[in-house]
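Following: one structure in C-alpha cells, then a few remarks.
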Amino acid sequence: MSSASMEIRSVEVRHASAAVERRVRAWFETASRIGAVDGGRSVHLPHPEKRGVSLKIKGAGDRGGPIRFGTRLNNGPVAPRFDFDGRMMVDIASGHDNAFVGGASFQQTATEFRMAATFAELGIPVVPCVGYGRVATDAHVSWFSLHEWPRGHADIAADETDSYRLVNLRLSELMLDLAVNHGKIGYFWFARGPVQQDLAFDLHPFVQLDPLSASQLSWVMHLAYAYYIRCRACEVFPAKAGVRNLSPDIAAFPLRGLLADANHADYTDLRTRIIRPSKRLGGEQFSSSTLAAMLKASRVGSALLERCPESYTRWT
C-alpha cells in the first residue's frame, strides 16, 4: 500500500469540548509530538481546561508513534456472544483483534463512552470518558476514546494483601449487580490513586442484555465468561509482572462476590466445566439440555443460574 494512502486525511472528535478537540487534532495532525506513553496505544497529554487530570487518548498510536493502519492487533481475547439457547458465537466487531495496532475499534470507543456515563449515573467512581472519535486515511478508519485521567492513579498491583482481595470482591459484586439489576454484563478494572479512591476503567467489554433477546442460559453464559476473563487476568498478570509465589486462590478472587468462599477449584471448575466445553458446543451437535446440565453440575454455574433475574425466560 502506498505511503500516500496511509496519510491521515481527517480527524473527527465527538462529544468533547472545543478545547479538547483542538488538542486531540494537534496530536494526530502534528508530525513531531510529545506525550506520556501509557501501554501500547494510549498517551497522556496536558488537559487544556482542567488541573489535576491528564487528557488520555486511547487509540493514539503504537507506543506514541503512528497507528499501524491495516495491521490488526491479533493478540487479545475474543468477544463471544451467546444466543437465546446459550450457543457461543464470536462477535468480531467487539473483539480486541478488530482494532489496528495502536488504535481502537468503533465498538470499544462508543461502548467506553456510554458505559462511563452509566457508571457515573449509578454512583460508581469511574475514570470519565469525555468523548471519542475517529482518524481516517484514504483506505482505513481507526477510532480513539478520550478520558480525564486523574494524576497519581495507576493500575492496582496484584498481590495477596487484604486490599487486593477487597478490590476484587468489590469488582465481583459490581459485575453481579450490573448484570442482575441493569442487564449490563462485562468486566473492567480499577485504578487507585494517592487517596485510595478506586476508579473503574476499561469498560468496553460490556454488552446490554434484555429478556427479549436473551434467556437464562445466555445471561448465565455471558456473565460466566466475564468472570472467567477477570479470573484469568488475576492468574496471568502477576506472573507477567514478575510477582512470584502467589497462592493459586488468587485466580478465584473475582468470583467472591458470587461465591464468598470461592477458591482455585472453583476457578478450575469454571474454566474446564463451563468455558472450554461451551467452545466445543456448536452447530447441529449443540444442545441446550447439555449446556444446562453442565451448568448445574458446576458450583459457579449453579450460583449463576440461581442469580439470573426471573424476567429472563428460564430453562431450569
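The values are calculated or read from the model by the stated rules, or taken from the named source; none is laboratory data. None of the values given here were measured: they were computed from a predicted structure. Heads up, the Cβs are rebuilt from the backbone with ideal geometry, glycines too, and the neighbour counts pull from every protein chain shown.
Assorted remarks:
- So Ala200, is it buried (at least 20 other Cβ atoms within 10 Å of the Cβ) and either without any contact (Cβ under 8 Å) to a residue 40 or more places away in the chain or not in a loop (DSSP other than H, G, I, E, B) (or both): yes
- Flag for Asp159 being assigned to a loop (DSSP other than H, G, I, E, B), acidic (Asp, Glu) and in the same structural domain as Phe206 (by TED's automatic domain parsing): yes
- Of all residues in the stretch 302-316, none satisfies being over 25 Å from Pro254 (Cβ atoms), over 28 Å from the mean Cα position of the chain (by Cα) and modelled with pLDDT under 95.
- Number of the exception - Gly59 against (1) without any contact (Cβ under 8 Å) to a residue 60 or more places away in the chain; (2) at positive phi; (3) not aliphatic (A, V, I, L, M): (1)
- Of all residues in the stretch 1-57, those satisfying the criterion of being surrounded by fewer than 18 Cβ atoms within 10 Å (Cβ to Cβ), under 19 Å from Arg134 (Cα atoms) and among the basic types (Lys, Arg) are Arg9, Arg14, Arg22, Arg25, Arg33.
- Only one entry in Ala110, Ala120 is within 15 Å of the chain's Cα centre (by Cα) and either closer than 24 Å to Arg9 by Cα or outside any loop (DSSP other than H, G, I, E, B) (or both), namely Ala110.
- Some residue of the stretch 164-182 being part of a loop (DSSP other than H, G, I, E, B) and either in contact (Cβ under 8 Å) with a residue 12 or more places away in the chain or touching a Cys at 6+ places or on another chain (Cβ under 6 Å) (or both): no
- Taking the stretch 131-153 as the range and being assigned to a strand (DSSP E or B) and either under 16 Å from Val11 (Cβ atoms) or small (Gly, Ala, Ser) (or both) as the test, the residues that pass are Gly131, Tyr132, Gly133, Arg134, Val135, Ala136, Val141, Ser142, Trp143, Phe144, Ser145, Leu146.
- When the helices (runs of 4 or more DSSP H) confined to the stretch 224-307 are screened for residues that are farther than 20 Å from Ala79 by Cβ, those reaching at least 2 such residues are found at 264-270, 288-296, 299-307.
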